[in-house]
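Colleague: My questions will all concern the structure given below.
The values are calculated or read from the model by the stated rules, or taken from the named source; none is laboratory data. In this text the structure is predicted, and so the values were computed from the model without any measurement. Note that we place each Cβ from the backbone using ideal geometry, even for glycine, and neighbour counts take in every protein chain shown. For the accessible areas, the whole protein counts, side chains as well, though only heavy atoms, and no ligand, DNA or RNA atoms are used. Shrake-Rupley method; radii C 1.70, N 1.55, O 1.52, S 1.80 Å.
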Amino acid sequence: MYNNTAIYIFNRLVRLAILFFILYLIFTNFGTFLMIIGVIFFVIAFLIYNFKKKMQANSFKFKFDSSNFQNGYNGQNFNFNDFKNFNQSDFQGFANAPRFDEVTKAKEFFGFTHSPTKEEIKKRYKELARKYHPDINDGDDVKMKELNHFRDVLIKTVE
């Protein structure tokens, strides 16, 4: 990796040297050559400066001012007490929603080809629980754990 990087950098330097040499041959007066290189440098620097300035002017700047919320935001009454018990509520959020492939695996495990109702899930769960119970399967509880997991996944999609 290092060897390829060194070769690449050397190749670029050789190309740049050839370009400067050709420019020097075109403008045989060395002073003129240096002035042209200087002008090119300042034009590039000016373009970069203006581009950065334009990007900063168009960027979104967020400024939090708590007075907006204390006095009501945009004419609306905002009350922090409305959110006092937010973390204790039963809101599960989108992060806890089961993934599509997980739902598909759960349907295959339960043997559903359609979106089941809560009653169908409960009925099929009882049948499979009798089949995969660890007492029946000589203490192997892997299938029972999968069954419980997939039941939870399907119940989340129904609710």
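Colleague: Using only the alpha-carbon atoms of segment 1-50, report the extent along each of the three principal axes, biggest first, to the nearest angstrom.
Modeller: Answer, in whole Å and largest first: 40, 32, 11 Å.
Colleague: Under a no-solvent Debye model with one identical scatterer per Cα of segment 101-148, what's log10 I(q)/I(0) at q = 0.25, 0.29 Å⁻¹?
Modeller: -0.93, -1.10
Colleague: Give me the net charge of ASN137's neighbourhood, meaning all other residues with Cβ under 14 Å from the Cβ of ASN137; Lys, Arg count +1, Asp, Glu -1.
Modeller: On the way: positive: ARG130, LYS131, LYS143, LYS145; negative: ASP135, ASP138, ASP140, ASP141, GLU146.
Value of the local net charge: -1.
Colleague: Show MET55, MET35, MET144 ordered by accessible area, largest first, where the area counts protein heavy atoms only and the probe is 1.4 Å.
Modeller: Details: MET55 105, MET35 135, MET144 25 Å².
Per-residue accessible area, sorted high to low, gives MET35, MET55, MET144.
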